[in-house]
């Protein structure tokens, strides 16, 4: 064997030993391990945000749909008065006794978080895996807070994890409600298949008698806002097919919160349905008089008052007119109170409604009626 051959073998051996002895690079460690091994309770990291996400890097961020803001921000006429700059998402994790207790999220220009060890930039996939594991296993605020930054990560679909959380009856209601809210978001980038899947999940929870009424009510409310208007026809069917049950009444309430024109048309049609159970009729009356009410809707309610045989429905309309309190409403109430052809109970209810208002015309009319 030559000296050259011997030298090559020795060098090769040294190289192999050196590689085996070198520590694993930071990138090979999981984000969870890096957070857990940090020497301070407070740790931060950042990752790429999906298009449209912006913030000031300190106190607020926008999720990119132009209407959802998180944190402290001044908004005038629906528009933020502070600059919203694009940038990465930064997460600050707080721990106590090795347990994650809170998660803060900002976006935009990066600023150091006081007292936190900075782990630097991680991939969106690493961040989502870390955050959704917290959402799926950790109770308290941290579990709920982990969903926001995960939902802002670029190019990672968190719908499967959100669906698992929403279906898991062992998770806190607050976290499940947050998961449902993110699934129901109206995002133009979501496919019809994803939107339909979210709607199916909301219906499944709303129909489940083993779920709390609070969560079922949340599911129906979100169904009215699910992307591309996909949930409104489903709510209409739920209201029509379950007219004598809780889910039918709650579906009507959810419909009343929708600004979809189909929802208004449905409520007007239901008001004219002579076969509608009394409880559903009253819910329809209240739904029609909600924040989306038009002059046409109020006229329909007055027509219903004149023709309805339901005393409870008529009382509901009286209450609505008193709450509206316009000059026309007050004059109409005065007319009902003075109408001798109305039942005494209805006239008394109209008088009571007038007495609860501060309108001077109502007070004058009440004085005239009591002095006769």
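The values are calculated or read from the model by the stated rules, or taken from the named source; none is laboratory data. If you're wondering where the values come from, they're calculated on a predicted model, not measured in any experiment. Because the Cβ atoms are built from the backbone with ideal geometry, glycine has one as well, and the counts that use them run over all protein chains shown.
Some values worked out for this structure:
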| item | result |
| --- | --- |
| Test for residue 116: is it modelled with pLDDT under 95, surrounded by 15 or more Cβ atoms within 10 Å (Cβ to Cβ) and more than 23 Å from residue 197 (Cα to Cα) | yes |
| Matching residues, the stretch 143-194, being surrounded by fewer than 20 Cβ atoms within 10 Å (Cβ to Cβ), within 16 Å of the chain's Cα centre (by Cα) and over 27 Å from residue 99 (Cβ atoms) | 159, 185, 186, 187 |
| Exclusive hit being within 42 Å of the chain's Cα centre (by Cα), surrounded by fewer than 18 Cβ atoms within 10 Å (Cβ to Cβ) and in contact (Cβ under 8 Å) with a residue 24 or more places away in the chain, set 327, 313, 362, 350 | 327 |
